[in-house]
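Notes follow the structure.
None of the figures in this text is laboratory data; all of them are computed from the coordinates on show. Everything numeric here is computed off the predicted structure, so don't read it as measured data. Quick reminder, even Gly has a Cβ in these numbers, built from the backbone with ideal geometry, and neighbours come from all protein chains shown.
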Amino acid sequence: MSVREGVRKHAQTIAAVLLVFLLAGWAKCRQERRFAREFMEDRYRAVPVQFDSWQLRHIRAGDRVDITATFEALMASNAKRKVTATMLQNIKVLGVDRPWKRSEKGTLILKLNPIEAQYAFLGPSQAELGVALRNRGDNDIYPMEMSSFMRFFR
């Protein structure tokens, strides 16, 4: 076998392996979309929300999460302070799209009512969003106040 034939055969093998990976990824994406549609209820929406990939590490479809928003707020003294507010509580995750690279953003597909969906679309333009994974049995809604470091150290 000549060197040229060996290189061509090696390239064909690599192309076949890449094709298998692409088809497997495509099938997984289709399966996740089907999952989201099967579990939707009337008057709810499947809403994609982007997060830094490190925040999605332990989140799976079927989990429940809280969504937080960190932003600058104007205080009574006219000073600007960073605060964090829990924006959405006890939200069901329909799917997770993790990026290949850690530097890229990933996406959670969340089950939201129309009003929650509006806040989910508004959030990224106004604040830095965070996601907190809930314990499986924790389905309660808690009254929450905004958090700031100034309150923490009082």
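Computed quantities for the displayed model
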{"quantity": "Extended-chain gain in nm, criterion 0.36 nm per residue less alpha-carbon gap, Ser148 and Lys80", "calculated": "23.4 nm"}
{"quantity": "Ranked packing of 87-99, 46-58, most packed first, by mean Cβ within 10 Å", "calculated": "87-99, 46-58"}
{"quantity": "Sum of side-chain charges, Ala73 neighbourhood, beta-carbon under 14 Å (Lys, Arg +1; Asp, Glu -1)", "calculated": "+1"}
{"quantity": "Full-extension gain in nm, Gln126 to Ile14, via 0.36 nm per residue minus C-alpha separation", "calculated": "35.8 nm"}
{"quantity": "Where GluC sites (Glu not before Pro) fall in DSSP loop in the range 79-154, at most 12 other Cβ within 10 Å", "calculated": "Glu104, Glu145"}
{"quantity": "Chymotrypsin sites (Phe, Trp or Tyr not before Pro) within the range 67-130, DSSP loop, no more than 12 other Cβ atoms inside 10 Å", "calculated": "Trp100"}
